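The values are calculated or read from the model by the stated rules, or taken from the named source; none is laboratory data. Keep in mind the model is a prediction, meaning the values are calculated, not measured. We place every Cβ from the backbone using ideal geometry, glycine too, and count neighbours over all the protein chains shown.
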Amino acid sequence: MTALWHAIRDGTLKPGQRAFFPERAYVQVKAIGDPESDYRYRLIGDYSLDIRAAHALLGGRSHSAELIGIHVPQGYAHWVPPGACYNSVGYYEVPNSRLVYREGGDVRSFAIASMISWRGVWYVVHLGAVTRQAAEGLVDDPSEGVGESVPSSTC
């Protein structure tokens, strides 16, 4: 999550790629035509847009903002079985974790739309939204304070 935070503070994708679901895993999981293209153009494209949107949310204080932590609502973690969500294999997923940070003395947060566990490691797979209406960056539920995770379906 530190890699994700550096990407958001800098407004660039590269540092955050270590926190993102790996392409090789995505290709194994998805039962769709051309998962490599979907990964590169949709998933990574949306992630990059969302990182820039979160950076813009930080505004002029982005480089002084500090990551406090990630709050993961463990009760929301669930098994996504093979066949669901266009998947060929199952995995664990948790929606709406919260990235909590301090900016100018104030605690703020926003949601991470979806994280997936792959071989015991949790990765971001959707930062701003699972689905979207347009190719634009989104920040999910920005809040003052630590905010509150809410349950949701993810596909």
For the range 99-122, give me each residue that is buried (at least 18 other Cβ atoms within 10 Å of the Cβ), closer than 19 Å to G75 by Cα and not hydrophobic (A, V, I, L, M, F, W, C).
S114
From the list A111, A77, which residue is within 21 Å of R42 (Cβ to Cβ) and either out of contact with any His (no Cβ under 7 Å at 6 or more places or on another chain) or at pLDDT below 95 (or both)?
A111
Test: R52 is closer than 19 Å to A134 by Cα and either within 16 Å of the chain's Cα centre (by Cα) or modelled with pLDDT under 95 (or both)
yes
Quick check on my filter: what residues within the range 85-98 are part of a strand (DSSP E or B) and surrounded by fewer than 16 Cβ atoms within 10 Å (Cβ to Cβ)?
Y92
Might you let me know whether the range 127-138 holds any residue that is touching a residue at least 60 places away in the same chain (Cβ under 8 Å), surrounded by fewer than 20 Cβ atoms within 10 Å (Cβ to Cβ) and assigned to a strand (DSSP E or B)?
no
Which of the residues that make up the range 144-155 are surrounded by 15 or more Cβ atoms within 10 Å (Cβ to Cβ) and outside any loop (DSSP other than H, G, I, E, B)?
none
Which one is surrounded by the fewest Cβ atoms within 10 Å (Cβ to Cβ) among residues in the range 62-84 that are in a helix (DSSP H, G or I) and over 17 Å from the mean Cα position of the chain (by Cα)?
G75
Subset tally (residues that are without any contact (Cβ under 8 Å) to a residue 40 or more places away in the chain and of a type in the set (K, R)) for the range 86-118:
2
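Conditions tested, residue by residue: (1) within 19 Å of P142 (Cα to Cα); (2) touching a residue at least 40 places away in the same chain (Cβ under 8 Å); (3) not small (G, A, S).
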site: P15; (1), (2), (3): no, no, yes
site: G33; (1), (2), (3): no, no, no
site: D38; (1), (2), (3): no, no, yes
site: D50; (1), (2), (3): yes, yes, yes
site: A56; (1), (2), (3): yes, yes, no
site: G60; (1), (2), (3): yes, no, no
site: I68; (1), (2), (3): yes, no, yes
site: P73; (1), (2), (3): yes, yes, yes
